[in-house]
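Read the figures in this text as sums done on the coordinates, not as results from a lab. Note that the structure is predicted; figures quoted are calculated from it, not measured. Counting neighbours? That spans all protein chains shown, and the Cβs are built from the backbone with ideal geometry, glycine included.
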Amino acid sequence: MRKAFLYVVILGLPLFMVSCGDDDLKKANPVSNQKIILNRDRTLGVEIIYSDSARVKAKGNAPIMDKVTADNGSTYQEMIKGVKIDFFNVNQPGVIDGTLICDYSIRRDQEQKTFFRKNVVVKNAKGDTFSSEELIWDEAKKLFYSTQRVTIQTTDGNVIEGIDFEAPQDFSTYKINTASGQAVLKDAIAP
């Protein structure tokens, strides 16, 4: 029995070695030659001001911001320890209308989009709270959207959940698909 096993190993090993041709290595080499070089600059304690038409619209703070530039020229900013953004009232300078807090954020310059991820919570001027695992800010379209589950808790106690969320930058209105929720009904008073 042992001799039979030994013959199988001895005869099978050269067959196995022959099947490992150099074609696989030739295919792997070009892939390994495609190296991307990244230049990373780290800044601690960052304050970011977003203005439009000479009016401060938002101010963000991040403990760490890495500015990354790839060798192909594309750039992005990554906030690995999260970010907190205060949105200011356009008509009353200095008055905060809402906030956004998350555990991670990345802004892609060429796309003009910022991705807020992990424990994203937004509070608007009315006091409504929006929470999700991801919100995307499209700077060109001036709106926030998400394909992840979004939960909205209104100041009057209503709770709405759904996916395919969209809202303008000030979160004054919103659109949500595949929604479900709980509504608080007030007692009707008879005339």
Original post:
So how much slack lies between ILE106 and GLU133, counting 0.36 nm per residue of separation and subtracting their Cα-Cα distance, in nm?
Top reply: 8.4 nm
Original post:
Each residue of segment 158-165 in order: what ³J(HN,Hα) in whole Hz does its phi give by Karplus 6.51 cos²θ - 1.76 cosθ + 1.60, θ = phi - 60°, with x for Gly and Pro?
Top reply: 6, 10, 10, 10, x, 10, 6, 8
**OP:** Post the alpha-carbon centroid distance, segment 73-138 to segment 146-165, in whole angstrom.
**Re:** 17
Subject >> ³J(HN,Hα), Karplus 6.51/-1.76/1.60, whole Hz, each residue of segment 49-61, x for Gly, Pro >> reply: 10, 10, 10, 9, 6, 6, 10, 6, 9, 7, 9, x, 10
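Between their Cα atoms, which of LYS57/LYS126; LYS113/LYS142; LYS59/LYS175 are more than 20 Å away from each other?
LYS59/LYS175
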**OP:** Neighbouring Cβ atoms within 10 Å as the yardstick, rank ARG117, ARG107, ARG42 fewest first.
**Re:** ARG42, ARG117, ARG107
